[in-house]
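Since the structure comes first, as structure tokens, the remarks are kept for the end.
The values are calculated or read from the model by the stated rules, or taken from the named source; none is laboratory data. Only a predicted model underlies this, so the values are computations on that prediction, with no experimental measurement involved. Note that we place each Cβ from the backbone using ideal geometry, even for glycine, and neighbour counts take in every protein chain shown. Side chains are part of the model used for accessible areas, which takes the heavy atoms of the whole protein and leaves out ligands, DNA and RNA. Shrake-Rupley method; radii C 1.70, N 1.55, O 1.52, S 1.80 Å.
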Amino acid sequence: MIYPGKICQNSECKGISAYFQKKKKTIFSSQLRLLSPPLLYRFSLTALNRSSAAPRLAVRRLQKCKKNNFAPTRTRSMEPPNKNPRSNDEPTMSQSLPDLSTLPESVLIRILSCMDPKEAVQTCILSKRWRNLWTRVTSLNFNKHASECTADFVHFVTNMLFFHGDSKLDTFRLCWYIHKHEVSTHSSKIYQIYVSNITAWIFSALSCKPLTISLVLYGFPNLKLPHALFTCASLEQLELDLFDSRKKAIEPKCVNLPNLKKLKFRYCALYNLVMQGILSGCPLLEELSLDGCSLNISKMKSDQLRCLTILSCQSSRVVEIFMPSLISLHLEDYCPGIIKLSLKNTPSLSKVFVSYKTFNENYFSSAEFRFFNCLRTVTDLELYGPGLQGLLEKIILNCPKLDCLKHLTFGQGAIHKRPVLLCRLLRNTPNLQKLTISDKQHSVPEKPATSGEPKKKGATGRMSFKCKHLKAIEIKYSDPSGVQELVDILLQNVSHRKRVRIDLSRF
């Protein structure tokens, strides 16, 4: 429970604290005007984490008012005297620039929503009109810096959410990283207070019916997210980044997110019941991203998911994917020995990006053959990574025919130095329209064949393929060895050489 008496911890603001304790209810903008000018002056400069970045003109104006017992004083114009006056017909610089006072409050609130919360609070001392605008911002982004005092950060976030009340909130983002040495210095009671504060902040944000919530919390092993976070009807985008958290930090009793469209987990531990509950409780979910997660699951089933991203995840089981509406699949730092995927029901899959981290023959299994057999409906295929060449050598003999493939991209595998391997793969892509080869790594060039070395029999037959619809070839290389030979081989197998556009560029 957040009490108003905890807002002003400074000794200079005891009058305001006593005033809040008498009222013990939500303070509206009209009640702020009841404060006397001296109290408002102290509140503006010291209540919410006093900062040296306040506007200098506003601070000087307040100091002059204080000297004159807060009587209204005139301020000198900062513009230099106009030595060369123009005619009345020509507009001056001040007339051409827009005035903030003429803008409606909705525009001013949108401007404040794009600012840092502390900077938005500092605008309350500019004029009476700006006094309460910061309490109606639609975006709150709290980021705890390493040099910032933890107690001041906790007080500021608590005060900001208290004054914001139940106003409309579109985005709520909280980023808090606690170092290990900082955790060791704190007692268990203080650390538990920090965890309870995070829970209270989440409840305060949920009361405003936000559209987007992003939680980046590092170093909270005892943190457990509240169940109300997974039953917010207004939520459309949710991002959870929980590094060094407990294994069961995400364990909701029930999931009911009827409007959620984008969901991202980073450094989270996910289990079968949790994943099934999330996919079944989000009927409009379109994008799912898993980054560095521990997947203790065996099945992922969703009828409406359209985009799936898996980055550097680990799993001890074979993850079966049942997603009939899946269009895009993005696998980065994919290692068959760490995680194994099986595409069971993906008839709409058209875009696939796979970045192989490493390739180890000991971890290679039949699951990789089944994975490539499910790519028959793919139109755009991108393959990257240093383990690409070793993988293609294994699957090239049993590679399925990709009749729908139109755009094929290779990268970081030095595939241009293995023309035989590339030509074997192109035999299974009869409708290919564009081929892109990009090699950013500085690989060691192979030894060129000597003039007296005879060519192997059947070498020309192994490098033959048919791509009647090929229109563009793009090659980006760091080592020029083998590039010209590859271009000659590709042109020999193209039916219309004049129609093919070839772009060669070097990194």
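Details
- So Thr212, is it at pLDDT 95 or above, closer than 25 Å to Ser280 by Cβ, within 23 Å of the chain's Cα centre (by Cα) and not small (Gly, Ala, Ser): yes
- Residue list for segment 161-199, filter: modelled with pLDDT of 90 or more, open to solvent by 30 Å² or more (accessible area, probe 1.4 Å) and in a helix (DSSP H, G or I): Phe162, Ser196, Asn197, Thr199
- Tallying residues that are outside any helix (DSSP H, G or I), closer than 17 Å to Lys434 by Cβ and under 42 Å from the mean Cα position of the chain (by Cα) within segment 478-500 yields 2.
- Output for segment 279-290, where each listed residue is without any contact (Cβ under 8 Å) to a residue 40 or more places away in the chain, open to solvent by less than 50 Å² (accessible area, probe 1.4 Å) and not hydroxyl-bearing (Ser, Thr, Tyr): Leu279, Cys282, Leu285, Leu288, Leu290
- Test for Leu140: is it closer than 25 Å to Leu100 by Cα, at pLDDT 90 or above, assigned to a loop (DSSP other than H, G, I, E, B) and open to solvent by less than 10 Å² (accessible area, probe 1.4 Å): no
- Set Lys262, Lys224: member being touching a residue at least 24 places away in the same chain (Cβ under 8 Å), open to solvent by 40 Å² or more (accessible area, probe 1.4 Å), among the basic types (Lys, Arg) and within 30 Å of Gly411 (Cβ to Cβ): Lys262
- Per the conditions (1) under 20 Å from Asp170 (Cβ atoms); (2) under 14 Å from the mean Cα position of the chain (by Cα), the sole criterion not satisfied by Asn259 is (2).
- Scanning segment 370-394 for residues that are in contact with a His (Cβ under 8 Å, 6 or more places away or on another chain) and part of a loop (DSSP other than H, G, I, E, B) yields a single hit, Thr379.
- Verdict on Val319 being assigned to a loop (DSSP other than H, G, I, E, B) and either open to solvent by less than 60 Å² (accessible area, probe 1.4 Å) or within 26 Å of Val354 (Cβ to Cβ) (or both): no
- Options Lys344, Lys351, Lys340: the member that is open to solvent by 50 Å² or more (accessible area, probe 1.4 Å), under 23 Å from the mean Cα position of the chain (by Cα) and either under 30 Å from Tyr477 (Cβ atoms) or at pLDDT below 90 (or both): Lys351
- Scanning segment 298-316 for residues that are among the polar types (S, T, N, Q), farther than 12 Å from Thr346 by Cβ and in a loop (DSSP other than H, G, I, E, B) gives Ser298, Gln304, Ser312, Ser315, Ser316.
- Of all residue pairs spaced 6 or more apart or on separate chains, those with beta-carbon atoms under 6 Å, a first member in segment 305-333 that is at positive phi and a second member that is charged (D, E, K, R) and open to solvent by 60 Å² or more (accessible area, probe 1.4 Å) are Ser312/Asp333; Asp333/Lys357.
- All positions within segment 97-137 that are more than 22 Å from Asp166 (Cβ to Cβ), open to solvent by 70 Å² or more (accessible area, probe 1.4 Å) and of a type in the set (S, T, N, Q): Ser101, Thr102
- Evaluation of Arg501 against (1) under 17 Å from Leu405 (Cβ atoms); (2) loosely packed, with under 15 Cβ neighbours inside 10 Å; (3) modelled with pLDDT of 80 or more (one fails), failing number: (1)
- Checking Ser478 against (1) at pLDDT 70 or above; (2) among the hydroxyl-bearing types (Ser, Thr, Tyr); (3) closer than 19 Å to Leu391 by Cα, the condition it does not meet: (3)
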